Amino acid sequence: MGLLALGTPLNWPEAKKNADHVRQWGIEQLLAIWERAKGKERDALRWGDEIEYLVVAFDEEHRKVRLSLRQADILKALAEDVSLSKQGGCVPDLQVVKSSGDPVPVFHPEFGRFMLESTPGKPWGIGFKDLLDVEPNMKWRRIVAKEHMESNEYPITLTTFPRLGTRDDFITPYYPPSGERQRSQFLPDEITNPHIRFPTLAANIRSRRGRKVEINVPVFKDENTPVPFKDPTVDYDMHNWPEDDDVRNGAAKDNHIYMDAMAFGMGSCCLQITFQAKNITEGRRLYDQLSPLGPIMLALTAATPIYKGFLADTDVRWNQISRAVDDRTPEELGEAPLKHDRWRVPKSRYAPNSTYISQDPRLRKEYMDPDLVVDEDLKQQLTDGGMDALLATHFAHLFIRDPIVIFAEDLKALDLNKTDHFENLQSTNWQHIRFKPPPHDKDTGWRVEFRPMEIQITDFENAAFSIFIVLITRAILSFDLNFYIPIPLTTANMETAHARNAVLDQKFHFRNDPLPPRPIKPNGASGATTPAYLPSRPPTPTGPVEAEHSLMTIDEIINGQSGEGFPGLIPLVESYLNSVNVDVETRCELARYLDLIRKRASGQLWTGAKWIRHFVRSHHAYKGDSVVSEGVNYDLIMAVEDITKNEGKNRVGEEMLRSGWAARPKGSACG
Amino acid sequence: MNGGPSIIRRPASEKSNVELINALRSNFLASKQAFAPMTNGSSHTSSHDTARQIPSQEIPYSEWTAREDGFLYVPSIDFAQSGLAEERSQYDITAKLFFLPHTSATERRGHTQEAIDLVLKELHMPSIDLLIVSFPGVSFDAEDEDEEEPQWSQNGEAEDLSAMVETWKALETLHDKGIVKQIGLSEFGSERLEKFLPRTKVRPSVDQINVRDCCVVPKSLILYAKKEKIELLTHNDCTNILPSGTVRELLGTGEKGAGVLAGPEEGLKGLEGEVEPQWVVKYTAVVRDRGVIENKGYFAMAEVRD
């Protein structure tokens, strides 16, 4: 999560009055960053992964598993740990500067009070030794986290807790629902991190929206699922808050699982990767080129088939988070005529990107979003300040949102050496790719964050997907790959990625030919090379945009089409690896990772979503009615913890993982 | 002959020379198209469209190639326009030199110098980090590594170890001069390495082996390499990367040919004689701390004998 400065937060009516103020200062800070960092050059590739955990507590006696709300205690224990502190400490606030030795992992609080986040102690590079360190480091982080928990508590990497928001005591310690902040009839306010920023965020989103957030996930129709399915956990007779009327006004839809609080979405765990670019130009290029890959990676990492104790008919978390933080008013949503608000807003603050930002001759105007909403005044200020129109449009689009959490203390003076007001807007625009300007006080460059992937059960898988994305970025830059498609198609692809078993059953819009055409050579040039820095750029392509892309399966996109079709992301990565010096051991480890991705795409290995769904449906206590009972959930989470440890070697979960270990014969380099 | 970077479309996991052949072919074609307008006087900004109107077969090769010191550059190269964007220390530069069949150790020593000269000239750099040599017919086959029989004898083209040692001296010279920081081999099994190492002055720091499936690399080789401090790197090239038939096809008058060599048809003038490929060099410049391949390409040399 973003900045955690303390202060006096404004409630929504007050915050709203100061929204323009914060936006204005945010734009001024952005221009200051721009002036300072636009010429920043030659930054190395550094990258980092973020792993988010749920903390669960097993109750063997009652065969129950609950979410543990001891986040603060666990972080405190991590911070106080003497041996770790000696090495530098692992909670940022308490970290002591240390010059040598293995950097200790860093743990962060998250929105959910049942969550933890870990990052490596220092960023990774592109050295192949670094790539081999990723998986052991992730495993080490999990061990460190576990060591600071109670013996019955475990950090697990499921995207969501399957029984979050059920009527029973799914949390420990127990708190009753229907608190003042979220006013959820399923979750207590105590479910969120008590740091004042988080409850304020939830309350102000609800307040701005004028009602509770509304999340309806289609239920999976099994043989005994009632038709129509009316979510039996919804209480239509609650009268604690005005928002309790929401369900009486039809908020809970038939055949859907209904949820009503930010924590249902922001309590999800993701796998996010951030890259530092060489300079702003490379950063803008990566932002654009990674965008079309987002929905593909979302479908490929699918791991979210259960909500609130029911099997869902979707496989991924994305839309649920999107709706959980959707602060749009009825006017902005188009449900009421525009009177007080400035414009209709097509997407939630948490949504697929709507902009391309690279000054790239391959970027055709036809690719841009025709429905993009932009604050023209702010855009004008940015262009007056020297920013080019393309990038100014991007930020003026992000700045159509209101700042949600404003601290009174921060409104007193504008500090252009800080980035807090800019970050206020930037970090509450949760798009699937994020373009991150350098912070002021560090030697950090322009960065791009890849955000769509779902967290995987094992660290082997999390390392595999992280490293795959890193290698893809290297292939994009080395081979000048072009994945541009019209950006509304990426939005459509994100929707497609939600369908149950989308990884095998659905088709996605994707560019047919990612390879650069041979450059037109000026007379006399050798043309033997196509370095990206040459001023003579390829001309903007012509020809119908519709002919540039077609519908493809994930298998085709990852593994390639036959003949002259799309070459496949894995073959492109292999081609990159064949062009650089890689030692045998590294190549072999990387082959394990690429093999996992290859087989997930082809269906030889299952996604987490498929495995979880299958586990529930084949459980002896499952009644074929889409209900994931406490007993089934207990066995499921036990199995997940088992898989985390054994990675399928004892056959539990092997449908997801088999290749990771079975492909390694004795006496091999990989043995 | 030179060819720019290209990506093996597929199957990427199989070793092949498709990348080289495609690079050469498309570079020839692009050069022809670029030079075409000179023959009808239009400017090169519209060269692409103009060139399409002229069948490329009708463009005489002399228009887009260059003759210099008895060498014919196909296509002609302007070394002033190439080079790398940043200074030397930013890059890892690797060259892999493929010796081809029917060339002697003496010839190969000359080839080594020629190839490295071209690469340095192209990249505008004073030195390279790693030079790997590939001998024709030497093919490391993992499954055979632990068997008694020396693996190279199974190949049609047995290469004589003494000749390799002789050739190696050229690499040692480049190393001594500081032009090449490290030198390496490819496709050597542990047995062959064992025989080769004692006869070298500068030991190879790298042995590059094909990894269609890395998991069949035998432990004996891994242990031996570790003991001898030789780094085992991976590659995906075939050893006989440019057979003479392929060169004839590339340069000939056929449908896919560049029209440099004379064909059976009358009218077009081409070089007469037997063409014999001599060597191929592949070069790669990778920005060290970003893992980005900034420049990659091939040069190939062939001799035309009357």
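The values are calculated or read from the model by the stated rules, or taken from the named source; none is laboratory data. Just so it is clear, the structure is predicted and the values come from calculations on it, not from any experiment. Methodologically, a virtual Cβ is constructed for each residue, glycine included, from the backbone with ideal geometry; neighbour enumeration extends over all protein chains shown.
Here are some notes:
- Of residues in region B:221-259 being modelled with pLDDT of 90 or more and not aliphatic (A, V, I, L, M), the one nearest to B:Val281 (Cα to Cα): B:His235
- Every residue from region A:143-187 that is touching an Asp or Glu at 6+ places or on another chain (Cβ under 9 Å) and more than 25 Å from A:Gly631 (Cβ to Cβ): A:Val144, A:Glu147, A:His148, A:Ser178, A:Gly179, A:Glu180, A:Arg181, A:Gln182, A:Arg183, A:Ser184
- Some residue of region A:158-167 being over 30 Å from A:His340 (Cβ atoms), among the polar types (S, T, N, Q), surrounded by fewer than 21 Cβ atoms within 10 Å (Cβ to Cβ) and outside the structural domain of A:Met238 (by TED's automatic domain parsing): yes
- Number of positions in region B:271-289 that are within 7 Å of chain A (Cβ to nearest Cβ) and either closer than 18 Å to B:Ile77 by Cβ or among the polar types (S, T, N, Q) (or both): 1
- Restricting region B:74-129 to residues that are aromatic (Phe, Trp, Tyr) and farther than 30 Å from B:Leu161 by Cβ leaves a set whose member that is farthest from the other protein chains (Cβ to nearest Cβ) is B:Tyr91.
- Positions within region A:582-594 being of a type outside the set (A, V, I, L, M) and at pLDDT below 95, in sequence order: A:Asp583, A:Glu585, A:Thr586, A:Arg587, A:Cys588, A:Glu589, A:Arg592
- Complete set of residues in region A:556-588 that are more than 9 Å from chain B (Cβ to nearest Cβ), in a helix (DSSP H, G or I) and of a type outside the set (A, V, I, L, M, F, W, C): A:Glu556, A:Asn559
- Failed condition for B:Ile209, given (1) assigned to a loop (DSSP other than H, G, I, E, B); (2) over 30 Å from B:Ala66 (Cβ atoms); (3) within 14 Å of chain A (Cβ to nearest Cβ): (1)
- If you go through region A:490-504 and keep only what is charged (D, E, K, R) and touching a Phe, Trp or Tyr at 6+ places or on another chain (Cβ under 8 Å), you end up with just A:Arg500.
- B:Gly259 being crowded, with 17+ Cβ neighbours inside 10 Å, of a type in the set (Gly, Ala, Ser) and in a loop (DSSP other than H, G, I, E, B): yes
- B:Val211 meets all of the listed conditions (1) more than 16 Å from B:Ile21 (Cα to Cα); (2) surrounded by fewer than 23 Cβ atoms within 10 Å (Cβ to Cβ) but one, namely (2).
- One residue alone among A:Ile257, A:Ile215, A:Ile273 is buried (at least 18 other Cβ atoms within 10 Å of the Cβ), of a type in the set (A, V, I, L, M, F, W, C) and free of Cβ contacts under 8 Å to residues at least 60 places away in the same chain, and that residue is A:Ile257.
- Top-ranked residue in region A:24-59 [being more than 26 Å from A:Pro452 (Cα to Cα) and β-branched (Val, Ile, Thr); ranked as surrounded by the fewest Cβ atoms within 10 Å (Cβ to Cβ)]: A:Ile33
- Filtered by the rule that a residue be more than 30 Å from B:Arg290 (Cβ to Cβ) and loosely packed, with under 15 Cβ neighbours inside 10 Å, region B:76-106 gives B:His102, B:Ser104, B:Thr106.
- Yes/no for B:Val217 being farther than 24 Å from B:Tyr91 by Cβ, aliphatic (A, V, I, L, M) and within 14 Å of chain A (Cβ to nearest Cβ): yes
- Looking across region B:290-302 at every residue that is in contact (Cβ under 8 Å) with a residue 40 or more places away in the chain and more than 15 Å from the chain's Cα centre (by Cα), the one that is farthest from the other protein chains (Cβ to nearest Cβ) is identified as B:Glu294.
- Within region A:223-244, the residues that satisfy the criterion of being of a type in the set (D, E, K, R) and touching a residue at least 12 places away in the same chain (Cβ under 8 Å) are A:Glu223, A:Lys230, A:Asp231, A:Asp235, A:Glu243, A:Asp244.
- Odd one out for A:Gln604 among (1) surrounded by fewer than 21 Cβ atoms within 10 Å (Cβ to Cβ); (2) in a helix (DSSP H, G or I); (3) more than 9 Å from chain B (Cβ to nearest Cβ); (4) touching a Lys or Arg at 6+ places or on another chain (Cβ under 9 Å): (2)
- Listed by first and then second residue, the pairs linking a residue in region A:625-638 that is under 27 Å from A:Pro228 (Cβ atoms) to a residue that is at pLDDT 95 or above and basic (Lys, Arg), with Cβ atoms under 8 Å apart and 6 or more places separating them unless they lie on different chains, are A:Ser626/A:Lys221; A:Val628/A:Arg163; A:Glu630/A:Arg63; A:Glu630/A:Lys64; A:Glu630/A:Arg163; A:Gly631/A:Arg63; A:Asn633/A:Arg163.
- Boolean, A:Arg349 is among the basic types (Lys, Arg), in contact with a Phe, Trp or Tyr (Cβ under 8 Å, 6 or more places away or on another chain), in contact (Cβ under 8 Å) with a residue 60 or more places away in the chain and within 30 Å of A:His256 (Cα to Cα): yes
- Among residues of region A:618-652, those that are surrounded by 16 or more Cβ atoms within 10 Å (Cβ to Cβ), in a helix (DSSP H, G or I) and charged (D, E, K, R), counted: 3
- Qualifying residue in region A:541-553 (condition: modelled with pLDDT of 95 or more, at the interface with chain B (Cβ under 9 Å from one of its Cβ atoms) and over 30 Å from B:Ala66 (Cα atoms)): no
- Of everything listed in (1) buried (at least 24 other Cβ atoms within 10 Å of the Cβ); (2) farther than 30 Å from A:Asp388 by Cα; (3) among the polar types (S, T, N, Q), the single unmet condition for A:Gln289 is (2).
- For region A:589-600, a residue qualifies if it is farther than 21 Å from A:Leu481 by Cα and either surrounded by fewer than 23 Cβ atoms within 10 Å (Cβ to Cβ) or more than 7 Å from every other protein chain (Cβ to nearest Cβ) (or both), and the qualifying residues are A:Glu589, A:Leu590, A:Arg592, A:Tyr593, A:Asp595, A:Leu596, A:Lys599, A:Arg600.
- Condition met for B:Pro136 (surrounded by 15 or more Cβ atoms within 10 Å (Cβ to Cβ), in a loop (DSSP other than H, G, I, E, B), modelled with pLDDT of 80 or more and out of contact with any Phe, Trp or Tyr (no Cβ under 8 Å at 6 or more places or on another chain)): no
- In region A:117-169, the residues that are β-branched (Val, Ile, Thr), closer than 30 Å to A:Leu477 by Cβ and part of a helix (DSSP H, G or I): A:Val134
- Filtering region A:430-477 to residues that are part of a loop (DSSP other than H, G, I, E, B) and of a type in the set (Gly, Ala, Ser) leaves only A:Gly445.
- When each of A:Leu382, A:Leu398, A:Leu390, A:Leu425 is tested for being hydrophobic (A, V, I, L, M, F, W, C) and surrounded by fewer than 21 Cβ atoms within 10 Å (Cβ to Cβ), the lone residue that passes is A:Leu390.
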